[in-house]
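Asker: Structure incoming, see below.
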Amino acid sequence: MATSRGPFAKRQKELARREKQKEKQARRLEAKDRPADAEALPEGEDPDLAGIQLGPQPPPDEALPSDTPSNEKPAHED
């Protein structure tokens, strides 16, 4: 049969929850005070193309082949 943690554990849990809510509220206020366009791009630059270099691009990490495919077992070398 499960035992009760008692009122002390419940109080600790409630205090932790309140503290987390205070931190979240402080983050919200900080984000609200911070200008939305703090990292604004220069006039006329497309945000989708910012940071892209000319020439061949490296493949994304998920497109790189792995050493051993997940459906094949590694071969034994005798």
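The values are calculated or read from the model by the stated rules, or taken from the named source; none is laboratory data. As the structure is a prediction and not an experimental result, all values here were calculated from the model.
Asker: Are any residues in region 24-43 of a type outside the set (A, V, I, L, M) and at pLDDT 75 or above, and if so, which ones?
Answerer: 24, 25, 27, 28, 30, 32, 33, 34
Condition check ((1) among the charged types (D, E, K, R); (2) modelled with pLDDT of 75 or more) across all residues:
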| site | (1), (2) |
| --- | --- |
| 2 | no, no |
| 11 | yes, yes |
| 16 | no, yes |
| 21 | no, yes |
| 46 | yes, yes |
| 65 | no, no |
